[in-house]
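The values are calculated or read from the model by the stated rules, or taken from the named source; none is laboratory data. All of these numbers come straight from a predicted model, not from anything done at the bench. Here Cβ is always computed from backbone atoms with ideal geometry, including for glycine, and neighbour counts include all displayed protein chains. The accessibility values were calculated without ligands, DNA or RNA, using every heavy atom of the protein model including side chains. Shrake-Rupley method; radii C 1.70, N 1.55, O 1.52, S 1.80 Å.
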Amino acid sequence: MANNNNNGDVKLIGAWPSPFVMRPRIALNIKSVEYEFLQEQFGSKSDLLLKSNPVHKKIPVLLHNDKPICESNIIVEYIDEVWSAGPSILPSDAHDRAVARFWAAYVDEKWFPNVRGAAAASSEEAKNAAVDQLKEGMALLEGAYVEISKGKDFFGGEKIGFIDIAFGSMLAWLRALQVMLGGVKLLDEEKTPGLCKWAAKFSADPAVKDVLPETEKIIEFAKLLVAKIKAAAASS
Amino acid sequence: MATAREPEEDEEEEVKLIKTWSSPYALRAVWALKLKGIPYESIDEDLTHKSDILLHHNPVHKKVPVLLHHGRSICESLVIIEYIEETWSQNPPRLLPQDPLQRAETRFWAKFVDDKALPAIWQAFSKEGKEQEQGLSETAEHLRLLEAELKKKKKRLFFGGEEIGIVDIALGWMVNLVPLFERILGVKILDEEHHPALLKWRQRMSDVDVVKENWPPRDKLVAKWTAIRERCVGKAAANE
């Protein structure tokens, strides 16, 4: 095994389809930190996961010298702080950091729940409501992108930063959702031109391109997941 | 440690906090500012008639608290606390640890309070029947985890260690609102058998000057939350 240059022992418990898991993977790539990717089996949770994240029992979990760090955005901040010599992920200005944290929280608390809502909706009405919410969110994020990027490629400026990772990790699912919902446009050349350009640049970034799955693969996986969610709802 | 400032800086330093008299989230920001000794101007909102200044500075959520510093806005209470910590890092107490692993753990628990503990207690407070039972049992589970976390380090006075930190601030609502909820709902949420450490912590929090001196007026709080409960379970109409 190649020497990880005194980075210590780094493992990531996760799964390839999870956008939350993609976040620390991208962050570790940005910092050029090698890690062992321990993939969970779909439908079951390993003893290591349950031991490392007993509170939430969820992925991702970063294990750094066997110490667990949980919650994807918290893991990304940890990675940024520990491997501070590498390219920085959070901005250096305190206000910019607050803005970055604000939008990362927005993606998780306001935007993402509608992805789930749209994909697993039990009625046409519920699905349309979720899609409307997503579109509103996209408009807000477009505004944020224009304001924060200040004409550069990324929310983080010339290179990928915290918001790029938080939202960009959603792109594979976003593209899959557009297909699964029969061509609904969330990334829209007319309404979200900035985000369209950003999405292409983000996806092509060296730290990202091997992490973001192909849309087709997510669509296949989504079918499994939606079936699981619906089965759980039916039996509860 | 004296912080000598140029006169011009004093004017530019102006800190404002948009809040309401009762918001537990806004109270977090009040405590963080006062603990660090940062002077600020309060802008009190009436959320039934949101001001232009609030809508301008928090267009996404339109909520309090909003911190204004050098005219720029910071929203979301936990984000505000991290901003305060980073901007006035030379003012004690330290609201987050310096060690990255401990910081990650601290952030984890602060997020736990907002993602899990608060929604559960809100469900217990705002619902009836089975939904309330579920809220109460989830609350019990979350409190069990917080109790265990507090007990992990011996001689730990607060979640932040020897002094208040961000998790203590995030849990501040447990100090005044939980007894209030217990009274209104007629159920016990914290008890000596299951939560000895949390109860001692609660007492210590109440004794902190900044906390003691900044509670919203108790009678108003009782009236407000009683009215909320009545609205939630539709009793208000029956009582008229």
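General remarks:
- DSSP beta bridges confined to chain B are antiparallel in about 70 percent of cases.
- Highest mean first, the peptides A:220-230, A:191-201 sorted by other C-beta atoms within 10 Å per residue fall in the order A:191-201, A:220-230.
- For the pair segment B:169-221 and segment B:22-51, the centres of their Cα atoms are 19 angstrom apart.
- Over 30 Å apart at the Cα level, from the set A:Lys45/B:Lys151; B:Lys111/B:Lys151; A:Lys228/B:Lys152, are A:Lys228/B:Lys152.
- Buried area at the B:A interface is about 2200 square angstrom, summed over both chains, from accessible surfaces computed with a 1.4 angstrom probe.
- Degrees separating the helix B:173-185 axis from the principal Cα axis of chain B, which is the longest one: 20
- Calculated mean residue ellipticity at 222 nm for the protein assembly as shown: -17000 deg cm²/dmol, from DSSP H runs with n ≥ 4 weighted as -39500 (n - 2.57), summed, divided by the residue count and rounded to 500.
- Only lysines eight or more places from A:Lys152 in sequence, or on another chain, were considered; those with a Cα closer than 27 Å are A:Lys31, A:Lys110, A:Lys135, A:Lys185, A:Lys191, A:Lys197, A:Lys201, A:Lys209.
- Summing +1 for each Lys or Arg and -1 for each Asp or Glu among the other residues whose beta-carbon sits under 15 angstrom from that of A:Ala120 gives +3.
- Förster-model FRET efficiency, 45 Å R0, B:Asp44 and A:Glu124, C-beta, rounded to 0.05: 0.50
- Shielding of peptide A:206-213 by partners, expressed as the average count of other chain Cβ atoms within 10 Å per residue Cβ, is 0.
- Averaging Cα coordinates gives a centre for segment A:198-236 and one for segment A:80-122; these two points are 18 Å apart.
- Cα gyration tensor, chain A - rounded (a/c under 1.5), prolate or oblate: oblate
- Computed from label points 7 Å out along Cα-Cβ, the spacing between B:Asp191 and A:Lys45 is 2.7 nm.
- Theoretical FRET efficiency, 1/(1+(r/R0)^6), r = Cβ-Cβ of B:Ser22 and B:Asp52, R0 22 Å, to 0.05: 0.50
- The protein assembly as shown shape via C-alpha gyration tensor axes, a/c threshold 1.5: rounded
- Cross-link partners of B:Lys154 among lysines (Cα-Cα below 17 Å; sequence separation of 8 or more within a chain): B:Lys200
- Test item: Cα-centred dipole of segment A:92-236, Lys/Arg +1 and Asp/Glu -1 on Cβ, debye: 300
- Across peptide B:84-90, the average count of Cβ atoms from other chains found within 10 Å of a residue's Cβ is 2.
- Of the peptides A:45-52, B:218-225, the ranking by mean beta-carbon count within 10 Å, highest at the top, reads A:45-52, B:218-225.
- Angle in degrees between helix B:77-87 and the longest Cα principal axis of chain B, rounded to the nearest 10: 20
- When the trypsin sites (Lys or Arg not before Pro) in segment B:164-215 are filtered for DSSP coil states and for at most 14 other beta-carbon atoms within 10 Å of their beta-carbon, the remaining sites are B:Lys188.
- For the peptide B:73-83, the mean number of other protein chain Cβ atoms found within 10 angstrom of a residue's Cβ is 4.
- Under a Gaussian network description of chain A, with springs only between Cα atoms under 10 Å, the residue in A:Ala172, A:Ala104, A:Ala126 that fluctuates furthest is A:Ala126.
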